[in-house]
Amino acid sequence: MNFEFTAEQIQLRKTVRNFAQAEIAPHVLEWDENQTFPLPIVKKAGELGLLGVIFPEELGGAGLGYIEYSIVIEELARVDPSVALILAAHNSLCTNHIYLAGNEEQKRKYIPKLASGEWIGCWSLTEPEAGSDAAGTRSTATLKDGEWVLNGGKTFTTNAHYADVCVAMAVTDRSASQHGISAFILERDTPGFQVGKKENKLGMRASATGEVLFSNCRLDQAQLLGKSGEGFVDSLRILDGGRISIAALSVGLAQGAFDAALKYSKQRKQFGRFISEFQSIQDKLSNMATSIEAARWLTYCAGARKDLGQRVTKESAMAKLFASEMAVTVADQALQIHGGDGFVKDYPGQKLYRAVKLCRSGEGAGEIPPVVIEREHLQE
Ligand SMILES: Cc1cc2nc3c(=O)[nH]c(=O)nc-3n(C[C@H](O)[C@H](O)[C@H](O)COP(=O)(O)OP(=O)(O)OC[C@H]3O[C@@H](n4cnc5c(N)ncnc54)[C@H](O)[C@@H]3O)c2cc1C
């Protein structure tokens, strides 16, 4: 085993860290307050290759793996988890679904534009009545006169309002249960396709989350993504990679909360001493740092195995479960170290405390990863 990052990985981390500090950090609190989707920053991230990290160079991607992808998401989340979420939905959900399930024509048509950031992508699985039980999808796609006609709607789609391309799942054969849901690629101007309500969220407010609606939405047959009926099964494969990104996002968010708490503890004086000199504050900070490090390596381990081509259903669920629970605790402790200031909007702690709740819900609500892990154990 080798726990050293390569020179290229170290350089990538430095590049993303500098980008996040220079372009994102000055605006984070304002974007959160006003729910501003930072489109120019997302486009700049595209110029840096961050919108196509895990795709081959011949398709316009950076040709890197899940270790590098985790580094990117971690460093962005350390400064702004919303930006990390925007990139995660674009990279490992939307574009990756096209990469893993698409035919050559679809890959060549969509991936270069998505990887460069010319187009933004979103991925719609969740529906109002089908959240954790995503196989309960109700949106339908029916083949009529040589075209697919989609009806229904999706909820909680990250990037929905800014997406040029949407990958969405709909039922094509109700009798076939999990093997009767297909995936489709929709472009923004497809007739009958529109976005609905944009949610006013507790956290991650600079990311846009909302409805995607299909009303007699007509699609050329070429827009079917993957085999008919296998869209849901493919989605589970996509989520294996997606969970690594939520684990990395949790690690980065927790690191950002730790950085803020450490800084504050070295500036704030009580009883004539910096609070960093109190044993109980030191205990908190050391426990926070240790648990962040543990989650970080669980995440990189899942990424390394994925890069080796291994099935990582269990490992990615474990990383997501551990890292998201860790981040919730660390964000809470960081707020506590800030005392009353932690409750005030001028400090980043409250923002991270709100944002961290998504780490539990996204790509498998908190109670679902244990179900996935135990299902894997029972099959072994
Ligand atoms: C900010 C944000 C961004 C999102 N982005 C996307 C996106 O881009 N694309 C997309 O498709 N979806 C997205 N989602 C949806 C997200 O994946 C779902 O919210 C998640 O899957 C949970 O579904 P639900 O909200 O319907 O909760 P429910 O499934 O209704 O769950 C409610 C509660 O019941 C628990 N529960 C459910 N089933 C079980 C069970 N079998 N055993 C024990 N407990 C259970 C859950 O853990 C949860 O605590 C996003 C959500 C948010 C909040």
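Values quoted throughout were computed directly from the atomic coordinates according to the rules given, and no laboratory measurement underlies them. Note that the structure is a prediction, hence the values are computed from the model and not measured. Cβ atoms come from the backbone with ideal geometry, glycine included; neighbour counts cover every protein chain shown.
If the convex hull of the alpha-carbon atoms of the range 149-211 is projected onto planes in all directions, what is the mean projected area in square nanometres?
5.0 nm²
Of all the C-alpha pairs in the chain, what % are more than 28 Å from each other? The partial results should precede the final answer.
Values: 31216 of 72010 pairs.
Summing the P(r) tail past 28 Å for the chain gives 43 percent.
Taking the Cα centre of the range 288-380 as the origin and placing charges on Cβ (Lys, Arg +1; Asp, Glu -1), which of Val356, Ala327, His377 is farthest toward the positive end of the dipole?
After comparing all options, I get Val356.
Computed on alpha carbon atoms, what radius of gyration and Dmax characterise the range 202-249, expressed in Å?
Expressed in Å, the Cα Rg and Dmax of the range 202-249 come to 15.2, 39.
Cβ neighbours within 10 Å, averaged per peptide: list 272-284, 326-338, 191-203, 225-237 in order, most packed at the top. Present the calculation step by step, with values, prior to reporting the outcome.
Working: 272-284: 13.4, 326-338: 23.1, 191-203: 15.3, 225-237: 19.8.
Result, highest mean first: 326-338, 225-237, 191-203, 272-284.
Can you give the FRET efficiency to the nearest 0.05 for Glu4 and Asn287, using r as the Cβ-Cβ distance and R₀ = 35 Å?
Working: r = 26 Å, r/R0 = 0.74.
With a Förster radius of 35 Å, E is 0.85.
Under 25 °C and 0.890 mPa s, how fast does the range 10-87 diffuse according to Stokes-Einstein, given a Kirkwood radius computed over C-alpha pairs? Answer in µm²/s, whole number. Let's see the in-between values first.
Numbers: Rh = 12.6 Å.
In µm²/s, the coefficient rounds to 194.
When ranked by the protection proxy of mean other Cβ atoms within 10 Å per residue, highest first, what sequence do the peptides 115-124, 46-55 form? Intermediate results must be reported in sequence, preceding the final value.
On the way: 115-124: 24.2, 46-55: 22.5.
Taking the mean over residues of other Cβ atoms within 10 Å, the ranking is 115-124, 46-55.
In debye to the nearest 20, how big a dipole does the chain give about its Cα centre with +1 on each Lys and Arg Cβ and -1 on each Asp and Glu Cβ?
Details: 41 positive and 46 negative charges, 158 e Å.
For this selection, approximately 760 debye.
Taking a label point 7 Å from the Cα of Ala222 along the Cα→Cβ vector, which residues of the range 110-133 have an amide N closer than 18 Å to it?
Under 18 Å, as judged by backbone N against the label point of Ala222, lie 110-114 of the range 110-133.
Just grab the label-to-label distance for Leu29 and Asp307, each label 7 Å out from Cα along the Cβ direction, in nm (one decimal).
Calculated label separation equals 3.7 nm.
Give, in whole angstrom and from largest to smallest, the semi-axes √(5λ) of the equivalent ellipsoid of the range 115-194, with λ running over the eigenvalues of the Cα gyration tensor.
Each semi-axis is √(5λ); the values are 21, 16, 10 Å.
I'd like the FRET efficiency for Lys44 and Glu277, computed as 1/(1 + (r/R0)^6) with the beta carbon distance as r and R0 of 51 Å, rounded to 0.05.
Numbers: r = 41 Å, r/R0 = 0.81.
FRET efficiency, Lys44 to Glu277: 0.80.
Once you place label points 7 Å from the Cα toward the Cβ at Leu143 and Lys197, how far apart are they in nm?
Taking the two extended label points, one gets 3.6 nm.
Determine the calculated [θ] at 222 nm for the chain from helices alone, applying -39500 (n - 2.57) to every DSSP H run no shorter than 4 residues and normalising by the residue count; nearest 500 deg cm²/dmol.
Details: 12 runs with 187 residues, N = 380.
Using -39500 (n - 2.57) per qualifying helix, the result is -16000 deg cm²/dmol.
Exposure proxy check: Cys94, Cys301 ranked by fewest other beta carbons within 10 Å? Could you put the intermediate results ahead of the total?
Details: Cys94 28, Cys301 18.
Ordered from fewest to most neighbouring Cβ atoms within 10 Å, Cys94, Cys301 come out as Cys301, Cys94.
Taking the Cα-to-Cβ direction at Glu58 and at Lys109 and moving 7 Å from each Cα, how far apart do the two end points lie in nm?
About 2.0 nm, to one decimal.
Straight distance only, please: which lysines reach the Cα of Lys269 with their own Cα at less than 26 Å, same-chain residues fewer than 8 apart left out?
Lys284, Lys345, Lys351
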